[in-house]
Each structure stands twice: as C-alpha cells, then as structure tokens.
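The values are calculated or read from the model by the stated rules, or taken from the named source; none is laboratory data. Just so you know, these numbers come straight off a predicted model, no measurement behind them. Reconstructed Cβ throughout: ideal geometry from the backbone, glycine too, with neighbour counts over all protein chains shown. When the accessible area is computed, the model is the full protein with side chains, heavy atoms only, and any ligands, DNA or RNA have been set aside. Shrake-Rupley method; radii C 1.70, N 1.55, O 1.52, S 1.80 Å.
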Amino acid sequence: PRVGANVAEALWGVDSELAKKTLCKCLLDENNRVRGNATVGLHLLGDQKINWYVRRLAKDSRAEFRQTAVWVIGKVGEPDFAPLLEELLLDPSQEVRQSAEKALNRLRELSSSKNHTGPQHKLQNEDGTRVSDDGGHLHQI
C-alpha cells in the first residue's frame, strides 16, 4: 500500500495521459492512502470529477476512507467542500469528526487570507516541502 501511495503522490503535477490513467486506476485501489493521493493528483490536473471522488471517499462505510476524504479536502483547500466537512462533523468516528473540524478551520483560514491574484493551489509533500500549482506548473517553493 505504501508503494502505491508513493507512486500516486509522485505523479502529482505530471501532466500526461499515462499519469492521468495511472491516477484513475489508483482510485480503484483498496488502500485509502492510494485513493487519497490519486484524488489530489487528479485535482492538480484539473479533473472536473474531483467533487465526486471526494464524496465517494466521504460516504464510504470505512472510517479510514472518510478520514482520507477529510485529508484530501484539507490538502486541496477548496472552499466548495465546506458543506461536506460540516456533514462529517457528525460522523460516527471521533477521529473523522476531529479531523473534519480541523479541515473546516483550515478552509476558513484560507478563505480569509486568500489574495486576489487568482486561483493557486499550495500543497505540502510528505517530506514537508511545499509545492505550488499556479496554472498547471508545479514547482517547489
């Protein structure tokens, strides 16, 4: 599972058909981390089905998949996911509820500090380095 998650993360920002096909295939993986990293990767490629992917994770019967949905939302920082996080505040899992609250607070912080230079996605890699996607070009910041 760790290898699959690392492969999906390594494809973040790789704009090719092979990368997109691989990330789509990862969405079918049985591991929540693989699916989560694939969802972030597809988001960075501008996949219009991101809402569906995240909702599918959030509605899964397994708490670790719902937890992954919250992680993805926090990672991509899209305010459109706030209502879904509010739903997850009522999740049966305490960990999911707590993470949903933190992610919702993060979205609020991002929303209040957003500058007006246009959309820009900032992510943090597992090693702590930050990556910025400013219109399709990923680079270390």
- [ ] Could you tell me whether any residue of segment 66-75 is touching a Pro at 6+ places or on another chain (Cβ under 8 Å) and in a helix (DSSP H, G or I)?
- [x] no
Open item on the list: Suppose the filter is among the hydrophobic types (A, V, I, L, M, F, W, C), buried (at least 18 other Cβ atoms within 10 Å of the Cβ) and assigned to a helix (DSSP H, G or I); does L110 pass it?
Closed with: no
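A quick yes/no check of all residues on (1) modelled with pLDDT under 90; (2) under 19 Å from N32 (Cα atoms); (3) of a type in the set (D, E):
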| residue | (1), (2), (3) |
| --- | --- |
| F65 | no, yes, no |
| P79 | no, no, no |
| A82 | no, no, no |
| E101 | no, no, yes |
| K114 | yes, no, no |
| H121 | yes, no, no |
| G135 | yes, no, no |
Task: Residue identified as among the acidic types (D, E), part of a loop (DSSP other than H, G, I, E, B), at negative phi and open to solvent by 80 Å² or more (accessible area, probe 1.4 Å) among D80, D15, D91 - done: D15
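Would you check if N37 is crowded, with 23+ Cβ neighbours inside 10 Å and either polar (S, T, N, Q) or closer than 22 Å to S111 by Cα (or both)? Spell out how you get there, then give the answer.
Numbers: crowded, with 23+ Cβ neighbours inside 10 Å: yes; either polar (S, T, N, Q) or closer than 22 Å to S111 by Cα (or both): yes.
So N37 passes the test.
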